[in-house]
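Peer 1: Have a look at this one.
The values are calculated or read from the model by the stated rules, or taken from the named source; none is laboratory data. Since we're looking at a predicted model, the values are computed, not measured. Using ideal geometry, Cβ is built from the backbone for each residue, glycine included, and neighbour counts are taken over all protein chains shown. Each accessible area value is taken on the protein alone, full model and side chains, heavy atoms only, with ligands, DNA and RNA left out. Shrake-Rupley method; radii C 1.70, N 1.55, O 1.52, S 1.80 Å.
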Amino acid sequence: MVVLDLCCKAGGCSKGFVDVGFHVVGVDIEPQPNYPFEFYCDDGLAFLSRHGGDFDLISVSPPCQKYSKSAMQWRKAGKVYPDLISSFRELFIKTGKPYIIENVPGAPLINPIFLNGAMFGLFVHRPRFFECSFPVVQPIMPIAPKPVKMGRPVKDGDYIQPVGHFSGAAYARKQMQIDWMTIEELSQAIPPAYIKYVARQYLANTALLSNTACGNHR
């Protein structure tokens, strides 16, 4: 099965799809020299309009500045960011393909599930929500310690929140299970474990629908 990963950046989501067995095609409006899979530098909405129907599953991680806490100061200063989530959703629905939209807390997603690093045994605080056009079970969130400030050296066992220009890049790569990204790329990435969880539920749902259809045919 082939998945289209839009706004893919350096490939955190894409790695999750590959680990589950998908062939992934990444698209980003900016060049991504460290992206390790098939890649096209293009506007995501334009690429989706032209090729969305060619894929089994479509995923997007739209820029989050319109909703994120880190960009709040710029919004208060008058900076206006586009609402790309609704634009992507409209095109997804037109393609008729199953889809995933990933974004930060506060983003206007419909019936999303919440994922964070502690759910997967990762010492990473990277809260994200996922709107899916197929059923996905919300996992239980275990109690996790408060993340340490990453302006100082980190040590084994620290629960981290790798954002901005942080220290401890090697530790962040290990905890996020990403070994190819720069500090800047890590600060924007999500652990592949998140997408592995969602993608496995998509595959399970697809298999269930297939088995049901076969049963009805018999």
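Peer 1: Does Pro162 qualify as being closer than 20 Å to Pro62 by Cα, surrounded by 15 or more Cβ atoms within 10 Å (Cβ to Cβ) and in contact (Cβ under 8 Å) with a residue 12 or more places away in the chain?
Peer 2: So Pro162 passes the test.
Peer 1: Residues of the stretch 21-74 being at pLDDT below 95 and open to solvent by 60 Å² or more (accessible area, probe 1.4 Å), which ones?
Peer 2: Pro63, Gln65, Lys66, Lys69, Ser70, Met72, Gln73, Trp74
Peer 1: Which one is modelled with the lowest pLDDT, of the residues in the stretch 105-122 that are more than 18 Å from Gly16 (Cβ to Cβ) and open to solvent by 50 Å² or more (accessible area, probe 1.4 Å)?
Peer 2: Looking at residues that are more than 18 Å from Gly16 (Cβ to Cβ) and open to solvent by 50 Å² or more (accessible area, probe 1.4 Å), I get Gly106.
Peer 1: Please work out which one of (1) under 27 Å from Ile58 (Cβ atoms); (2) in contact with an Asp or Glu (Cβ under 6 Å, 6 or more places away or on another chain); (3) open to solvent by 50 Å² or more (accessible area, probe 1.4 Å) is the condition Ile101 fails and give its number.
Peer 2: With (1) under 27 Å from Ile58 (Cβ atoms); (2) in contact with an Asp or Glu (Cβ under 6 Å, 6 or more places away or on another chain); (3) open to solvent by 50 Å² or more (accessible area, probe 1.4 Å) applied to Ile101, the lone miss is (3).
Peer 1: What residue, of Ala169, Ala189, Ala144, is touching a residue at least 40 places away in the same chain (Cβ under 8 Å) and of a type in the set (Gly, Ala, Ser)?
Peer 2: None of the others qualify; the one that does is Ala189.
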